[in-house]
Amino acid sequence: MTADHRIVLSSDHTAIALRQTIAAHIAAQGWTVVDIGATTAESTHYPAHGEAAARRVASGDCRFGVILCGTGQGIMMAANKVRGIRCGVCADTFSARMIRQHNDANMLSIGVRVVGEGLALDIVDAFLAAQFEGGRHATRVEMIAALER
Ligand code: RB5
């Protein structure tokens, strides 16, 4: 199995159940799930979970990452500190599609305290189904990359 079929999933303690639901959902679609998130209700630190998932994507080990915390915001902020990561928080399917089409996002963040299970699964599906459009958007994504150099 190549990295093209691998998705890393991670979350802090707030989102274990939704992460497991997402894992089963995308595994049923044929993705290989690399689940590295918190496993107990004990309070953990979202930056560590965001960084760990981001490094799997940045290294090429996984094609995409889906990360979760209470709001999706903190873990997204941590992931975006890793060079090469473009992660957006989404609470709607339009944004989930657009961050792939226009921003070539390689990670998606979801807030378990923001969206319900059904919408979360639709957001994941929208993200994974969309393709980067390139063209003028590639110029802009390259400008983001230049900020990291
Ligand atoms: C944990 O209580 C919470 O702060 C965390 O899951 C996340 O929402 C931070 O952005």
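The values are calculated or read from the model by the stated rules, or taken from the named source; none is laboratory data. Small disclaimer: the values here were computed from a predicted structure and weren't measured. Here Cβ is always computed from backbone atoms with ideal geometry, including for glycine, and neighbour counts include all displayed protein chains. These area figures cover heavy atoms from the full protein model, side chains too; ligands, DNA and RNA do not enter into them. Shrake-Rupley method; radii C 1.70, N 1.55, O 1.52, S 1.80 Å.
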Which condition number does Thr71 fail, the rest of (1) more than 20 Å from Ala130 (Cα to Cα); (2) buried (at least 24 other Cβ atoms within 10 Å of the Cβ); (3) of a type in the set (Val, Ile, Thr) being met? (2)
Here the residues within the stretch 78-136 that are crowded, with 22+ Cβ neighbours inside 10 Å and away from the ligand (no atom under 16 Å from the Cβ) are Ile85, Ala96, Ile99, Arg100, Ala105, Ile123, Val124, Phe127
Filter result for the condition that a residue is in contact (Cβ under 8 Å) with a residue 60 or more places away in the chain and open to solvent by 50 Å² or more (accessible area, probe 1.4 Å), over Arg55, Arg63: Arg63
Residues satisfying the stated conditions in the stretch 1-50, i.e. more than 17 Å from Ile85 (Cβ to Cβ), within 12 Å of the ligand (Cβ to nearest atom), open to solvent by less than 50 Å² (accessible area, probe 1.4 Å) and of a type in the set (Ser, Thr, Tyr): Thr14, Thr44
Determine the pairs where a residue that is closer than 18 Å to Gly135 by Cβ, located within the stretch 98-111, has a partner that is of a type outside the set (A, V, I, L, M, F, W, C) and within 16 Å of the ligand (Cβ to nearest atom) with Cβ atoms under 9 Å apart, the partner being 6 or more residues away or on another chain. Met98/Gly88; Ile99/Gly88; Asn103/Gly88; Ala105/Gly88
